[in-house]
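Step one of this worksheet: look at the structure below.
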Amino acid sequence: MNIKVMIVDDDELIRSSLKYILATDTAIEVVNTSSNGDEAYNNLQNIDVDVILMDIRMPICNGVIATKKIINQYPNKKIIILTTFDDDDYIFEALKNGAKGFLLKNVSPDKIIEAIKIVNQGSLLLHPDVTTKLKSMLHMEKSTDWQEYSLTDSEVSIMKLISEGYANKEIAEKIFLSEGTVKNKISDILDKLNLRDRTQIAIFYLKGGKKQL
């Protein structure tokens, strides 16, 4: 089944370019393009969408606000934020609002296609530069006593790898566990910390164990 994608950007040229790029992969189908967050939100009432490519800076309704509105109403939608190096003020808010990934606008076409597939599978996608910015913004405490939260060493390792954007299969390979075991451990982490999803796990880890999301 094709991955149904919505493109949201106020620049018509960018919308057309992204649509052209995504059309080169037979596993992806662009079902809608919208020019701002409000338009995207309204269009979702009538369109089945799996992944949304969302520009972060738009008039009327930007990507941060649109992400919050959409995830509140459609929690299963997966949103990838299109950003630039100077969007620090927006990145953390978009992540808190439920974004599942961040892509720099200057990435290659194959990276955009790969990102859509990764996020559609349920993984969190953070560009290394974005992760570095987040760590700096959140003032991560490296001395956190994770045992305070009844977390095992392997669970902390999994949290760290999730915060770095690794998928379950990659995590399993890195810590020498089966993919099924990794999935079970992620469920345990969510239960222990009373968190909702991988995004909240990443924020929790990057904030050094603080739950204010």
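The residues of the stretch 155-213 that are of a type in the set (Gly, Ala, Ser) and closer than 20 Å to residue 102 by Cα, listed by number, are 163, 165, 167, 202.
Any idea which of (1) among the hydrophobic types (A, V, I, L, M, F, W, C); (2) within 15 Å of residue 103 (Cβ to Cβ); (3) touching a helix residue (DSSP H, G or I) at 6+ places or on another chain (Cβ under 6 Å) is the one residue 61 doesn't satisfy? Residue 61 satisfies all of (1) among the hydrophobic types (A, V, I, L, M, F, W, C); (2) within 15 Å of residue 103 (Cβ to Cβ); (3) touching a helix residue (DSSP H, G or I) at 6+ places or on another chain (Cβ under 6 Å) except (2). Set side by side, the residues 32, 36, 43, 2 differ, and just one is over 15 Å from the mean Cα position of the chain (by Cα), in contact (Cβ under 8 Å) with a residue 12 or more places away in the chain and closer than 14 Å to residue 117 by Cα, which is 2.
Evaluate the stretch 143-155: report whether one residue or more is modelled with pLDDT under 85 and among the β-branched types (Val, Ile, Thr). Yes, the conditions are met somewhere in the stretch 143-155. In this structure, is residue 67 within 17 Å of residue 113 (Cβ to Cβ) and among the β-branched types (Val, Ile, Thr)? When the stated conditions are applied, residue 67 does not pass them. So, in the stretch 80-106, of the ones that are part of a loop (DSSP other than H, G, I, E, B) and modelled with pLDDT under 85, which residue ends up surrounded by the most Cβ atoms within 10 Å (Cβ to Cβ)? Across the stretch 80-106, the extreme among qualifying residues is 87. Of the residues making up the stretch 162-201, those that are part of a loop (DSSP other than H, G, I, E, B) and either assigned by TED's automatic domain parsing to the domain that holds residue 92 or within 22 Å of residue 114 (Cβ to Cβ) (or both) are 164, 165, 166, 167, 197.
Which residues, counting only those in the stretch 49-79, are surrounded by fewer than 17 Cβ atoms within 10 Å (Cβ to Cβ) and small (Gly, Ala, Ser)? Of everything in the stretch 49-79, nothing turns out to be surrounded by fewer than 17 Cβ atoms within 10 Å (Cβ to Cβ) and small (Gly, Ala, Ser).
The values are calculated or read from the model by the stated rules, or taken from the named source; none is laboratory data. These figures come from a predicted structure and were not determined experimentally. A quick note on method: Cβ atoms are made from the backbone with ideal geometry, for glycine too, and the neighbour counts reach across all protein chains shown.
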